[in-house]
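Comments concern the structure below.
The values are calculated or read from the model by the stated rules, or taken from the named source; none is laboratory data. Small disclaimer: the values here were computed from a predicted structure and weren't measured. When we count neighbours, we look across all protein chains shown, and the Cβ atoms used for this are built from the backbone with ideal geometry, even at glycine.
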Amino acid sequence: MANKQMTQEQMAMLKEHQNSEFMRLSYLNQILMNKENGNVYGQGKNLTFNSPILAGAYAQNIVLKFRLNANWDAGTTGTVTPTASYPEGLVSKVEVQYGNKQISANPVLFRILDLMEGYGRTTQDDVRGNRETGIEAMLRKVPTTLVEGDNEIKFEVNISLNNLHSQSINGLIPIFSSGTRLQVGLQLPTVVGKDPLLNVFDVTGDGVLEVTGTIEPIIEFRDYNSMSTVSQVSPDLTGLSTIQIIELPSVTNLSQGQYNYTSFRNPYNFAKMVSFVISGMQSDKFCAADNITGYSLDKQENSNSSFYKYDESTTGIEGWYKSVRARYGNDLPEGVIAWDKTSENISNVSSKTGSSYFNISGSGYTASRQGIKVDEVDNTNIASRIVTYGVLINPQGIQSV
């Protein structure tokens, strides 16, 4: 009897099983990225790194390893205070490219995504439970009060390429070819200034601060090796969606006492959204929590189509803050409004088994928006604005050219 040809559904199920087995049976390993122009820190610099070529390997995470020193000279009248972006803001933008751009964001975003990753979680280089002094000294030193002279700053930023969940195949990038290469670009900021997102230290008086050191990007990858089987394992990314992180158009020069809207017009499903609300009132917070008095997510670009609204007409903005605490077991930094649809409508946020997305694809909502109301705004020293990043699902998959 002739073999029956598999249907498309059967082929899709076979591919799904293959990819699931790859994520289940393979394991993460690490390797340093190749330096194109060094890794020495200097404000205003651009640093570029390329992936090495590894047989059968797929990149899953990028880790930025910071080993810095902040030298503080207070002079006679100087004071120094970290801004809200400290310490991740010591890089102002990270771009991950594989032919096309996969990620473009301020690394502060990844602190927020870590806080939303599981119930009561913190950044991946930190811990809320037992803390060993010796291990702490090796992994994380983030002083919030700088002393005269040298101040060691040591931490890591974890950037997931498969940002839906750590066991999702979507977003992995092949690094076994000498053709298109995975590349990471880092833009380093003007360290001293008042902007809570663009600068890192607010210095007053005649104080002088200088940051030196290195940033070492590391690739965490999976390949064909497994500890569970001697057989080689491999995924099949053909035709699969990929995960990208983009910056949406910012809302600038905020109007106080009324809603300021960010429109969503990109034709994709959005899994997560993070907005930094910058009131211009202070540097150590993006915006005071009680200065945000309204938040809405609207199906269309009008005020009568809200999925939900938190303001004086409903529970007040404290209702939103309570929902964040209830879902993630964490508060987010003041001035940050964020959601993760993959963790909604499920009992355990850590499992990320939800399949809910904000559908702004061709089959979904065409002109949705998010509204945030800020009571007080000041543009004297800091430009008031709302900076929003979206984690989207691109059905075209990885485009190497």
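Some values worked out for this structure:
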read-out	value
Failed item, numbered, when residue 210 is tested on (1) in a loop (DSSP other than H, G, I, E, B); (2) more than 18 Å from residue 157 (Cα to Cα); (3) touching a residue at least 24 places away in the same chain (Cβ under 8 Å)	(1)
Candidate set: segment 60-79, residues that are surrounded by 17 or more Cβ atoms within 10 Å (Cβ to Cβ) and among the small types (Gly, Ala, Ser); chosen: the one nearest to the chain's Cα centre (by Cα)	70
Residues satisfying the stated conditions in segment 242-287, i.e. of a type in the set (Asp, Glu) and farther than 30 Å from residue 165 by Cβ	284
Within segment 1-45, tally of residues that are under 26 Å from residue 226 (Cα atoms) and either touching a residue at least 60 places away in the same chain (Cβ under 8 Å) or hydrophobic (A, V, I, L, M, F, W, C) (or both)	21
The one condition in (1) touching a residue at least 12 places away in the same chain (Cβ under 8 Å); (2) over 23 Å from residue 275 (Cα atoms); (3) out of contact with any helix residue (DSSP H, G or I) (no Cβ under 9 Å at 6 or more places or on another chain) that residue 130 fails to fulfil	(1)
Filtered residues of segment 150-167 (kept if surrounded by fewer than 19 Cβ atoms within 10 Å (Cβ to Cβ) and in a loop (DSSP other than H, G, I, E, B))	166, 167
Enumeration of residues in segment 275-294 that are within 19 Å of residue 324 (Cβ to Cβ) and surrounded by fewer than 22 Cβ atoms within 10 Å (Cβ to Cβ)	285, 288, 289, 290, 291, 293
Candidate set from segment 355-392 (those that are among the polar types (S, T, N, Q) and crowded, with 21+ Cβ neighbours inside 10 Å); member that is farthest from residue 276 (Cα to Cα)	368
Enumeration of residues in segment 167-195 that are small (Gly, Ala, Ser) and within 17 Å of residue 102 (Cβ to Cβ)	168, 171, 177, 179, 185
Set 315, 293, 342: member being within 19 Å of the chain's Cα centre (by Cα) and among the polar types (S, T, N, Q)	342
All positions within segment 168-184 that are in a loop (DSSP other than H, G, I, E, B) and β-branched (Val, Ile, Thr)	169, 175, 180
From the options 208, 192, 251, 230, residue that is more than 21 Å from residue 51 (Cβ to Cβ) and crowded, with 21+ Cβ neighbours inside 10 Å	251
Residue 119 being surrounded by fewer than 16 Cβ atoms within 10 Å (Cβ to Cβ), assigned by TED's automatic domain parsing to the domain that holds residue 165 and farther than 26 Å from residue 236 by Cα	yes
Cβ-Cβ under 7 Å pairs, at least 6 apart or on other chains, segment 294-322 side without any contact (Cβ under 8 Å) to a residue 24 or more places away in the chain, far side assigned to a loop (DSSP other than H, G, I, E, B)	305/299; 307/299; 310/316
Some residue of segment 259-269 being in contact with a helix residue (DSSP H, G or I) (Cβ under 9 Å, 6 or more places away or on another chain) and either within 26 Å of residue 92 (Cβ to Cβ) or assigned to a loop (DSSP other than H, G, I, E, B) (or both)	no
